[in-house]
């Protein structure tokens, strides 16, 4: 299977560079796999296509303000991108570093509000081990001084609006460097409406990593190695899924991150195991889903692993055809764009 089979033409003007005025005002493309149809509505009316007994599974990860800016002793500007905490004494992180000139071990970077970053060691994945030292707790400082890590295709820096809108309303577990964007369309009012209709929700956590935006650099899909992401699947969510299946309800994964977590944690018979770990499942056409019955997702990058997952769920030709139709209808694409519900 070739990576180029997942390409499509997207006019740059359809990339949503800012969020919609209201979260649930986005458009919703509806794919009915049984009927093979493509329709559309509004996200705030998603209840019309769900039923009592269905279970929405949400990813409650919270995006951290992972972009930091500082300068070296020489005055040269340095950008630090936090990836994840690593072991060791003090506040140490795996980071990507960008500087006009090369960096080396021992380099001290001055950040805002009395924080310093010391480059400790080169790691094996193009990242660096960096230790942060300051007078106040790092997490407190980070919330005040860090910048929201918007996807590069938005081609702009973050602003105050992004601090709220690049988080889901149910985000509570800090650790992601990219939002689980399918969840951005939900409001608290919409979730309450669904609950009142007998549509339940359950939560898991998968901390979306930078690998979400990394291009596939091989020609054949099977040769790609997926990035890993930390996850936590509570026992209560496993039980909620078991009960939904038993009553004939659908398990609706809100986002590809949720789908990956559930499928990674599933045994061959579809049973789930609660726990924590690193999810490294790569889902592409030919994969047989064990847990997920329906999927809420945004529109993804051409030739991306996320588009491959959606194609595995609904069929490559069907999905690529729907994407081309979305382009023709003027849907908004990517993180701040419109949504798709696959039944």
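The values are calculated or read from the model by the stated rules, or taken from the named source; none is laboratory data. Since we're looking at a predicted model, the values are computed, not measured. Using ideal geometry, Cβ is built from the backbone for each residue, glycine included, and neighbour counts are taken over all protein chains shown.
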Discussion item. Yes or no: region 240-249 includes at least one residue that is in contact with a helix residue (DSSP H, G or I) (Cβ under 7 Å, 6 or more places away or on another chain), closer than 19 Å to residue 313 by Cβ and assigned by TED's automatic domain parsing to the domain that holds residue 306.
Written reply: no
Worksheet item: How do the strands (runs of 3 or more DSSP E) wholly within region 232-343 filter down when requiring 1 or more residues that are on the phi > 0 side of the Ramachandran plot and either touching a strand residue (DSSP E or B) at 6+ places or on another chain (Cβ under 8 Å) or surrounded by fewer than 16 Cβ atoms within 10 Å (Cβ to Cβ) (or both): which remain?
Response: 275-279
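Within region 62-79, does at least one residue satisfy the condition of being touching a residue at least 12 places away in the same chain (Cβ under 8 Å) and within 30 Å of residue 319 (Cα to Cα)? If you could, list the steps in order and put the result at the bottom.
First, pick out the residues of region 62-79 that are touching a residue at least 12 places away in the same chain (Cβ under 8 Å): 62-73, 76-79.
Next, only the ones that are within 30 Å of residue 319 (Cα to Cα) stay: 62-63.
Yes, region 62-79 contains at least one residue that is touching a residue at least 12 places away in the same chain (Cβ under 8 Å) and within 30 Å of residue 319 (Cα to Cα).
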Discussion item. Tell me whether region 35-56 contains one or more residues that are at pLDDT 95 or above, assigned to a strand (DSSP E or B) and more than 30 Å from residue 328 (Cβ to Cβ).
Written reply: yes
Worksheet item: Which one is surrounded by the most Cβ atoms within 10 Å (Cβ to Cβ) among residues in region 219-231 that are under 18 Å from the mean Cα position of the chain (by Cα) and not in a loop (DSSP other than H, G, I, E, B)?
Response: 229
Practice prompt. Within region 135-148, track down each residue that is in a loop (DSSP other than H, G, I, E, B) and at pLDDT 95 or above.
Written response: 146, 148
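Taking region 100-119, which residues are surrounded by 17 or more Cβ atoms within 10 Å (Cβ to Cβ) and either at pLDDT below 95 or not in a strand (DSSP E or B) (or both)?
Here is the first cut: in region 100-119, the residues surrounded by 17 or more Cβ atoms within 10 Å (Cβ to Cβ) are 103, 107, 109, 111, 115, 117, 119.
Result: 103, 107, 111, 115.
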Item to complete: Taking residue 94 as the residue in question, decide whether it is in contact (Cβ under 8 Å) with a residue 12 or more places away in the chain and either surrounded by 13 or more Cβ atoms within 10 Å (Cβ to Cβ) or in the same structural domain as residue 174 (by TED's automatic domain parsing) (or both).
Response: yes
Discussion item. If I ask for residues that are assigned to a helix (DSSP H, G or I), touching a residue at least 60 places away in the same chain (Cβ under 8 Å), out of contact with any strand residue (DSSP E or B) (no Cβ under 6 Å at 6 or more places or on another chain) and within 30 Å of residue 48 (Cβ to Cβ), which ones from region 149-188 would you list?
Written reply: 161, 165, 184
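Out of 132, 43, report the one residue that is under 29 Å from residue 153 (Cβ atoms), under 24 Å from the mean Cα position of the chain (by Cα) and touching a residue at least 12 places away in the same chain (Cβ under 8 Å).
On the way: 132 fails: under 24 Å from the mean Cα position of the chain (by Cα).
Testing whether each residue is under 29 Å from residue 153 (Cβ atoms), under 24 Å from the mean Cα position of the chain (by Cα) and touching a residue at least 12 places away in the same chain (Cβ under 8 Å) leaves just 43.
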Worksheet item: Conditions: (1) within 23 Å of residue 171 (Cα to Cα); (2) modelled with pLDDT of 95 or more. Residue 79 meets all but one. Number of the miss?
Response: (1)
